[in-house]
Amino acid sequence: MGFGEAVSTCFKKSVVWEGRAPRAEYWWFELAQLLIIVAALIIDQIIGTGFIYIIAVIALILPSIAVLIRRLHDTDRSGWWFWIMILPIIGSIVILVFTLIAGDEGDNKYGPNPYGSVAPPPPAV
């Protein structure tokens, strides 16, 4: 999954809480978020307001939460793990680790593997 496809998927699924998001989709969207926020801050500095930044943050809240929950689902964790971020430092580290580890290779209770099905193991001889 490339940058453009990941970003468009995240915006299309802004309020989709079920399913799975692979690492590529999550991290490409995180990069896009960073670029959007930086661009908004630069524009606000040029025109002397904070309005563009606020609009950008509000527009990115739901897509970022949704893709994080789908990413947690990919690692076979409930979306409720999102709330661990309330804990200072430790919560963010836990979420970072969960988003960095590989998702389940096969289907899990949250849906099919976003990369497609995994080939069955070869038969024992």
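Tabulated values for the structure
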| item | result |
| --- | --- |
| Residue within segment 26-40 that is crowded, with 18+ Cβ neighbours inside 10 Å, over 27 Å from TYR115 (Cβ atoms) and either at pLDDT 95 or above or under 11 Å from the mean Cα position of the chain (by Cα) (or both) present | yes |
| All positions within segment 8-25 that are out of contact with any Pro (no Cβ under 9 Å at 6 or more places or on another chain) and surrounded by 18 or more Cβ atoms within 10 Å (Cβ to Cβ) | THR9, ARG23 |
| Members of segment 6-15 that are over 22 Å from ILE101 (Cβ atoms) and touching a residue at least 12 places away in the same chain (Cβ under 8 Å) | VAL7, PHE11, SER14, VAL15 |
| Count - residues of segment 83-95 that are surrounded by fewer than 17 Cβ atoms within 10 Å (Cβ to Cβ) and in a helix (DSSP H, G or I) | 9 |
| Qualifying residues in segment 46-81 (those that are crowded, with 17+ Cβ neighbours inside 10 Å and among the aromatic types (Phe, Trp, Tyr)) - the one farthest from the chain's Cα centre (by Cα) | TYR53 |
| Long-range neighbours under 8 Å by Cβ, at least six apart or interchain, first residue more than 15 Å from GLY4 (Cβ to Cβ) and in contact (Cβ under 8 Å) with a residue 24 or more places away in the chain within segment 18-45, second part of a loop (DSSP other than H, G, I, E, B) and small (Gly, Ala, Ser) | ARG20/GLY103; PRO22/GLY103; ARG23/ALA102; ARG23/GLY103 |
| Selection within segment 96-116 - among the charged types (D, E, K, R) and surrounded by fewer than 14 Cβ atoms within 10 Å (Cβ to Cβ) | GLU105, ASP107, LYS109 |
| Looking only at segment 92-111, and only at residues there that are closer than 22 Å to TRP28 by Cα and small (Gly, Ala, Ser), the one that is modelled with the highest pLDDT | SER92 |
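The values are calculated or read from the model by the stated rules, or taken from the named source; none is laboratory data. Just so it is clear, the model here is predicted, and its values are computed rather than measured. Cβ atoms come from the backbone with ideal geometry, glycine included; neighbour counts cover every protein chain shown.
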